[in-house]
Amino acid sequence: MLKSVLIANRGEIACRIIRTARRLGMRTIAVYSEADAQALHVKLADESHAIGPSPARESYLVAERILSVAKAANAECIHPGYGFLSENAEFAEACEAAGIVFVGPPASAIRAMGLKDAAKALVEKANVPVVPGYHGPNQDESFLRAEASAIGYPVLIKAVAGGGGKGMRRVEQDAEFSEALASAKREAASAFGNADVLIERYILKPRHVEMQVFADRHGNVVHLFERDCSLQRRHQKVIEEAPAPGMSEDVRAVMGRAATEAARAVGYVGAGTIEFIADGSDGLKPDGFFFMEMNTRLQVEHPVTEAITGLDLVELQFRIASGEPLPFAQSDLSINGHAVEARLYAEDPEKGFLPSTGKLWALDLPTGGRGIRVDTGVAAGDTVTPFYDPMIAKIIAHGATRDEALDRLSAALGRTVVAGPKTNTAFLRALCDAPGFRGDRFDTGFIDRNLESLGAQTSPPSHKSVAAGVAALLDQAVRARPQGAWAHDPWAVADGFAAGPALNRRLRLDVEGDAIDAELSFKDATAFLRIQGADGDIPLLPGTAVSVYPRGGDVLVIEAGRQTRVAFADLLDVDLDDAGGGDAAIKAPMHGKLVAVFVRVGDRVTKGQKLALVEAMKMEHALTAQVDGEVSDILAQEGAQVAEGAKILVVARSQP
Ligand code: ADP
């Protein structure tokens with residue numbers, strides 16, 4: 001067995017690989033970029049080495065630097081994880097040349113499967129069904145257009161070097177073809193440096209079903225059953241499961257054979273995934289699926305396969321890399337129950353799934369639940385940066401049946417609390433519970449067709465969350481005041497609110513950046529909030545079913561996975577900054593242009609320090625820090641026009 005491994009990756013997958021390597025007695029070597037100096041994978045590894053600045057292009061993608069660290073640290077092998085260098089044939093070659101084992105397939109197999117057109121041509125020869133279409137070298141527009149007509153609309157244009165859904169366009173009719181082709185080629189050229197495309201028939205009611213394969217160096221190839229990854233958004237997987245709903249033994253056998261044949265056709269070694277697109281209009285059929293591509297690495301969604309097979313896929317990768325034969329034959333393998341994985345992302349489903357960055361003020365993942373596994377690479381206090389994929393965690397549920405697994409996943413998502421960046425927690429839960437998904441009549445268009453009912457649309461703030469936020473803000477203000485300072489404020493008497501005549505107080509709230517007027521009133525020693533536009537008073541009692549995270553100047557309220565930020569817009573009513581402990585938002589003093597920002601998120605600043613410049617009416621105005629602390633948020637970009645009062649950045653006050 002190999003004795004040491006360098007993990008050329010970060011985040012959850014680096015942590016996951018380290019765990020198995022450690023269990024196998026291997027010495028673990030992590031690498032990290034500047035942004036990741038304090039990351040979980042660095043803390044977990046036996047040793048770690050800096051490899052450069054935060055952008056991946058200057059660190060995790062720099063093959064020479066990673067190799068020189070591997071040599072210096074005497075790493076016997078390199079595990080590339082997924083993404084980054086995992087499907088880079090030159091890197092695999094360079095490892096071998098340096099006498100370091102690359103935990104993955106031979107460079108030749110990566111290359112053979114690297115371009116979609118060549119891969120299709122190759123597996124077609126091995127009698128694996130491919131989507132009808134054109135995947136030859138002719139890139140002439142009129143030729144491709146004629147091919148599209150011959151295939152029959154709708155068609156899909158795909159970048160041959162594609163990945164992550166880039167350079168892909170669905171075309172409904174001939175009249176749209178030329179424009180779609182030009183835009184697919186532009187995107188492909190800029191993303192992959194290769195503008196070539198192929199044309200495929202667009203499969204109706206498509207389901208994404210993929211086969212996990214494993215091959216050793218001794219000619220053995222098996223499959224570890226299938227995964228269904230049909231729940232996608234923009235061709236990116238959101239929820240994955242194994243086995244595929246509605247899969248029969250017959251179809252599985254045919255698909256498994258096609259997958260192992262495809263692997264054999266390229267002399268595959270290690271873990272790989274053969275992705276098929278299945279025509280799901282009438283259930284899964286033995287002649288109703290087609291090869292799309294092969295991923296020559298470990299997949300994000302491999303844990304669902306681990307759950308139903310009881311195998312550790314990373315251990316198998318290491319064993320195969322060290323030359324051992326596969327420890328089982330196909331007939332030894334069987335499926336135990338059902339598993340589902342949800343990708344928890346820092347993104348805002350209510351704003352078109354925009355990535356959301358920032359500090360994780362709270363992170364409560366449902367670890368330890370029955371049948372629940374959580375794979376993550378972050379901890380509370382870490383920051384989700386714009387440099388990498390904003391996945392926070394993978395939550396995997398295993399159960400005896402599909403319903404049990406989905407129930408467990410849904411409950412686990414219900415226990416998940418993330419404060420700071422916005423997340424897709426509520427969206428994922430809605431997906432788990434969606435009747436259309438619970439049945440097995442769904443396809444890759446399911447999410448897009450159901451965005452509204454899944455909560456992926458802007459909706460007004462929850463009044464319950466707003467009330468919980470106001471209660472926390474008041475509570476904080478009361479606690480922070482010096483004793484007796486508010487003696488004449490009948491609504492601000494410490495330890496609750498005095499009984500007495502009904503006194504009303506108007507408040508202007510900042511809810512998610514929008515000004516909302518509200519009125520506070522008191523009856524029978526209880527405070528009530530009336531929110532403009534809502535009917536009825538909401539009692540300000542200790543929140544139930546919501547989690548509240550006061551940050552000083554504002555409060556993050558998490559209710560059923562949805563985050564609402566609440567602050568007093570008018571600090572004359574309750575002056576938190578005076579009261580101490582408050583974050584200070586730096587706002588534009590007038591309409592103008594933000595000409596410079598001198599700090600970055602995470603920088604420490606001192607009171608009075610110049611943070612940014614706004615140019616208005618031909619004059620520059622310096623924005624300075626009002627407190628000592630750390631820049632926690634930058635909300636406007638250099639060069640942007642800013643409105644008077646617009647928040648430019650936030651300084652989190654240092655804890656005394
Ligand atoms: P990428 O490598 O960019 O991820 P893939 O070829 O793996 O691209 O396709 C991504 C997704 O696009 C698939 O999972 C499937 O949902 C959809 N897709 C791909 N090919 C077809 C097709 N011929 N018909 C319908 N949908 C397709």
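The values are calculated or read from the model by the stated rules, or taken from the named source; none is laboratory data. Only a predicted model underlies this, so the values are computations on that prediction, with no experimental measurement involved. Counting neighbours? That spans all protein chains shown, and the Cβs are built from the backbone with ideal geometry, glycine included. Just the protein is used for accessible areas: all its heavy atoms, side chains included, with ligands, DNA and RNA removed. Shrake-Rupley method; radii C 1.70, N 1.55, O 1.52, S 1.80 Å.
Miscellaneous remarks
- Extension gain from Asp174 to Asn138, taking 0.36 nm per residue of separation minus the Cα-Cα distance: 11.1 nm
- Total charge dipole magnitude, the chain, about the Cα centre, Cβ charges on Lys, Arg, Asp, Glu only, Debye to nearest 20: 760 debye
- The slack in the chain from Ala534 to Glu519, taken as 0.36 nm per residue of separation less the alpha-carbon distance, amounts to 4.3 nm.
- Spin-label model, Leu541/Phe328: points 7 Å from Cα along the beta carbon direction are separated by 5.3 nm.
- Phe102 - accessible surface, heavy atoms, 1.4 Å probe, Å² rounded to 10: 0 Å²
- Ligands, DNA and RNA aside, Leu231 has an accessible area near 0 Å² when probed at 1.4 Å.
- Region 522-558 and region 310-347 have Cα centres spaced 48 Å apart.
- Model label zone, Asn74; criterion: amide N under 13 Å from point 7 Å along Cα-to-beta-carbon; scope region 2-20: 3-5
- Averaged over its residues, region 343-452 has an accessible area of 39 Å² per residue, based on protein heavy atoms and a 1.4 Å probe.
- Rounded to 0.05, the FRET efficiency of the Arg264 and Lys3 pair, given R0 = 45 Å and the Cβ-Cβ distance, is 0.90.
- Residues of region 584-653: accessible area per residue with a 1.4 Å probe, Å²: 55 Å²
- Region 23-60 and region 447-468: distance between their alpha carbon centers, rounded to Å: 38 Å
- Neighbour count of at most 16 Cβ within 10 Å plus DSSP loop: longest trypsin sites (Lys or Arg not before Pro)-free window in the chain: 4-216
- Taking the 1.4 Å solvent-accessible surface of region 204-336 as the whole, the part contributed by carbon and sulfur is 46%.
- Tensor-based shape of region 324-475 (alpha-carbon gyration tensor, a/c under 1.5 rounded, otherwise prolate or oblate): prolate
- In the chain, helices alone account for a calculated mean residue ellipticity at 222 nm of -7500 deg cm²/dmol, with every DSSP H run of four or more residues adding -39,500 (n - 2.57).
- Whole-Å distance, taken between Cα centres, linking region 111-188 and region 1-19: 36 Å
- In a fully extended conformation the segment linking Arg23 and Asp403 would gain 133.6 nm over its present Cα-Cα distance, using 0.36 nm per residue.
- Here Lys351 is the anchor, and the aspartates and glutamates within straight C-alpha reach of less than 14 Å, apart from those fewer than 8 places off in the same chain, are Glu452, Glu512.
- Within the same chain, lysines fewer than 8 places from Lys610 are excluded, and of the rest, those with a Cα less than 16 Å from its Cα are Lys587, Lys647.
- Straight-line cross-link reach from Lys394 at under 12 Å between alpha-carbon atoms covers these aspartates and glutamates, not counting any fewer than eight positions away in the same chain: Glu12, Glu240, Glu301, Glu341, Asp375.
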